[in-house]
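Enquirer: Dropping a structure here in structure tokens format, bear with me for questions.
The values are calculated or read from the model by the stated rules, or taken from the named source; none is laboratory data. The shown structure was predicted, so the numbers you read here are calculated from the model rather than taken from an experiment. Using ideal geometry, Cβ is built from the backbone for each residue, glycine included, and neighbour counts are taken over all protein chains shown. Each accessible area value is taken on the protein alone, full model and side chains, heavy atoms only, with ligands, DNA and RNA left out. Shrake-Rupley method; radii C 1.70, N 1.55, O 1.52, S 1.80 Å.
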Amino acid sequence: MLKDSKSTILSLAAPSPTTAVPYMSVKCIDVRKNHHKTKWLMPWGSNPCEKLKDFDEAVSRQIEANDIVFAVHIPLPNKEMSPWFQFMLFIMQLDIAFKMDNDLKENAEITLDVSLAYRDDMFNDWEEIAHAIEIRKLKCTFGSPKTLESEGRHYDCDFLPFMEIGSVAHKYYLINIRLPVNERKGINVGIGEIKDIRLVGIHQNGGFTKVWFAMKTFLTPSILIIMVWYWRRITLMTRAPVLLEKVIFALGISMTFINIPVEWFSIGFDWTWMLLFGDIRQGIFYAMLLSFWIIFCGEHMMDQNERNRLSGYWKQVGPIAVGSFCLFIFDMCERGVQLKNPFYSIWTTEVGTELAMAFIIVAGICLCLYFLFLCFMVFQVFRNISGKQSSLPAMSKARRLHYEVVTPCCMEPLSCLKNTNIFKAKTQLAKANTKYGRIPS
């Protein structure tokens, strides 16, 4: 309920969560040796690079492809980035023209020599953040016949994942992209005639971040007070806490952990691991929530012999642990590597894609097993209650009330699981659309 309340308030009080900003790269000339070791090429400003209008000009001036740098400055002129933006995600779109003597091969791969730098003043030197050689697969279609009349028309290419950074600690960023050509090694051969490189930068809105932080700051003390009050009431009892009471308290701890507003520190520190840390916190909370529903149903089986023991639920909790572990490994393979190389993506290679899909499929199977176990336990509860309908009038008032309350309560796990899965599916779909296709408005 607390999470639903946060979502409702955010939808009413905050602006849209993210903003997409298109960037067009500028083609710069760099004819010196050891290109990336010399200086950074600026597309505009007080010391701009020598620009190329198009590649026809490069051919007429006998400028080689290895001497051309695509430069992108972030943000656009007369603007500054802010730590309130929290993260930056970039996707790439290539403008590839059809040409008879330089056609795009099937399953072509493009090799990118990419560098990222930052500075906090327009007159300071650029400081390198990362440099990498990355390969991306091109998935393009051409809607016209490949004839002389079609030369110059552009392919329809999918967006490519380019870069993701977990913090925006600096005011200005600069990206230099090179497309090294080596015909002997087959590097960047058969990729068509690339006219331009476009980037779309996506970051969290500052207004949304402030409202989000304010909500977490307000709710965390409330949850802590409720937890302290709850556990104090439990410890005041003459008996020891039962398993269900301990699990409720553990669920409260996981909810507190996910809501603690540690993101405030990202405003003053360059903590690029915040996205990974946020995923880990969500994983702990959801694993605890799913475990709670299983134990909740099991402890309400009135005639169950093995109650109040966590070991009695190993069959049901096991799939949760395995699924959570698979998703954690998948996240470490993606965002964990991005801590060192923000241009990395596990989906860009066949091995990485197969590995990622394997982890996701195993996690999906574990979720299905969990759902079957949960449905079976709810069915057992209802069968148990139905078998005692005739003896309910003879029971004591307290025990009869217990049986009557269990019926609607045991439907809550299925409803909660449905809503949780829908929310996670929408979240993952939004991330996929953001990275590999549709851009948020």
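Enquirer: With a 1.4 Å probe and all protein chains left in place, how much of the accessible area of the range 169-259 comes from carbon and sulfur atoms, in whole percent?
Expert: Looking at the range 169-259 in its full context, I get 67 percent from C and S.
Enquirer: Starting at the first residue of the range 135-146, write each ³J(HN,Hα) from the Karplus equation 6.51 cos²θ - 1.76 cosθ + 1.60 with θ = phi - 60°, in whole Hz, x for Gly and Pro.
Expert: Once rounded to whole Hz, the list reads 10, 10, 7, 8, 10, 10, 10, 10, x, 10, x, 7.
Enquirer: Express in nm, to one decimal, how much length is gained between Lys210 and His131 on full extension, taking 0.36 nm for each residue of separation and deducting their alpha carbon distance.
Expert: 25.2 nm
Enquirer: May I pose another question? If you filter the range 165-263 for GluC sites (Glu not before Pro), then keep DSSP loop positions with at most 14 other Cβ within 10 Å, what is left?
Expert: Here the GluC sites (Glu not before Pro) that fit, given the DSSP loop and packing criteria, are Glu183.
Enquirer: Can you find, among Ala132, Pro161, Ser150, the residue sitting farthest towards the positive end of the charge dipole of the range 25-203, where Lys and Arg contribute +1 and Asp and Glu -1 at Cβ?
Expert: Among Ala132, Pro161, Ser150, the one farthest towards the positive end of the dipole of the range 25-203 is Ala132.
Enquirer: Can you tell which of Ile226, Ile197, Gly207 lies farthest toward the positive end of the dipole of the range 188-236, using +1 and -1 charges on the Cβ of basic and acidic side chains (Lys, Arg; Asp, Glu)?
Expert: Farthest towards the positive end: Ile226.
Enquirer: P(r) of the range 234-375 in 5 Å steps, Cα pairs, percent per bin?
Expert: Cα pair-distance distribution for the range 234-375, in percent: 2, 9, 14, 16, 17, 13, 11, 8, 5, 3, 1, 0, 0.
Enquirer: Largest first and in whole Å, what are the equivalent-ellipsoid semi-axes of the range 111-255 based on the Cα gyration tensor, each being the root of 5 times an eigenvalue?
Expert: 55, 23, 16
Enquirer: Further, regarding this structure: How big is the C-alpha Rg of the range 25-203 next to the rule-of-thumb value 2.2 N^0.38 Å, as a ratio?
Expert: Ratio of Rg to 2.2 N^0.38 Å for the range 25-203: 1.07.
Enquirer: Given the pairs Lys105/Lys146; Lys105/Lys340; Lys105/Lys185; Lys79/Lys216; Lys171/Lys340; Lys53/Lys105, which span a C-alpha to C-alpha distance of over 22 angstrom in this model?
Expert: Long pairs (Cα-Cα over 22 Å): Lys105/Lys340; Lys79/Lys216; Lys53/Lys105.
Enquirer: When a/c reaches 1.5 or more, the comparison of a/b and b/c decides; with that in mind, is the range 14-95 rounded, prolate or oblate per its Cα gyration tensor?
Expert: The shape class here is prolate.
Enquirer: Once the mean 1/r over all distinct Cα pairs of the range 97-185 is inverted, what Kirkwood radius in angstroms do you read off?
Expert: Result for the range 97-185 stands at 16.1 Å.
Enquirer: How large is ³J(HN,Hα) for each residue in the range 345-361, as worked out from phi by the Karplus curve 6.51 cos²θ - 1.76 cosθ + 1.60 (θ = phi - 60°), to whole Hz, x for Gly and Pro?
Expert: 8, 5, 7, 8, 10, 5, 5, x, 5, 5, 5, 5, 5, 4, 4, 5, 5
Enquirer: Taking R0 as 56 Å, what FRET efficiency do you get between Phe325 and Lys105 from their Cβ-Cβ distance, rounded to the nearest 0.05?
Expert: 0.90
Enquirer: Where only protein heavy atoms count, and the probe is 1.4 Å, what is the accessible area per residue for the range 25-203 in Å²?
Expert: With the other protein chains kept in place, the range 25-203 gives 50 Å² per residue.
Enquirer: Quick one: Debye curve from the alpha-carbon atoms of the range 72-122 only, equal weights, vacuum; give me log10 I(q)/I(0) at q = 0.25 Å⁻¹ to two decimals.
Expert: For the range 72-122 at q = 0.25 Å⁻¹, log10 I(q)/I(0) is -1.22.
Enquirer: Pulled fully out, how much extra length does the chain show between Glu50 and Met122, if you take 0.36 nm times their separation in residues and subtract their Cα-Cα distance?
Expert: 24.0 nm
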